Structures are given as C-alpha cells and as structure tokens.
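This report concerns only the one structure given below.
Laboratory data are not the source of any read-out in this text; all were calculated from the coordinates shown. Keep in mind that what you see is a predicted model, and the values were worked out from it rather than measured. Note: ideal-geometry Cβ built from the backbone for every residue, glycine included; neighbour counts use all protein chains shown.
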Amino acid sequence: MSLDMHLATLQQKHAAIEAQLEAAHLSPATEDVEIRDLKRRKLALKDEIERLRSGSTH
C-alpha cells in the first residue's frame, strides 16, 4: 500500500470515529468510558497521520 493510500485510509477511519463521537454525544445512553475510548482511538489515528506526514517512523 502506498503512503498516500495509507494516509487516506487513516483519515477515513479518523472521520468515522469523529462521526461516532458526535453521535455518542447526542445519545444520553452513551457511557463516558465509550466516549473516552473513541477519543483515544481518534487521537492515536491523528498522531499516526502526523508521524507519517512528517516522515518520522518513531
């Protein structure tokens, strides 16, 4: 998989998690732990995207 394709896939996953977070905030039945998990996953994807864009492999 090329770097551009990998970045596009990560960005799609990031956007999907953002949509899940928005839906979770609107649903009163959503547990705080679920929202926290979504935020962590979103941040991990963002960090990976930034590392790939900067050329760093660490």
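Extension gain, A8 to E31, is 5.3 nm, computed as 0.36 nm per intervening residue step minus the present C-alpha separation. When the chain is described by a simple charge dipole with +1 on each Lys and Arg Cβ and -1 on each Asp and Glu Cβ, the residue from S54, A8, P28 located farthest towards its positive end is S54. About the centre of its Cα atoms, the stretch 3-54 shows a dipole size close to 180 debye [charges on the beta carbon of Lys, Arg (+1) and Asp, Glu (-1) only; nearest 20 debye]. Take every pair of alpha-carbon atoms less than 8 Å apart whose residues are at least six positions apart; their mean separation over the length of the chain yields a relative contact order of 44 percent.
Divide by every residue of the chain the summed helix terms, -39500 (n - 2.57) for each DSSP H run of at least 4, and state the resulting mean residue ellipticity at 222 nm, rounded to the nearest 500 deg cm²/dmol.
-28500 deg cm²/dmol
Counting other Cβ atoms within 10 Å as a rough exposure proxy, the listed residues D32, D37 run D32, D37 from fewest neighbours to most.
Couplings for the stretch 9-20, taken from phi via the Karplus curve 6.51 cos²θ - 1.76 cosθ + 1.60 with θ = phi - 60°, read 5, 5, 5, 5, 5, 4, 5, 5, 5, 4, 5, 4 Hz in order; Gly and Pro are left as x.
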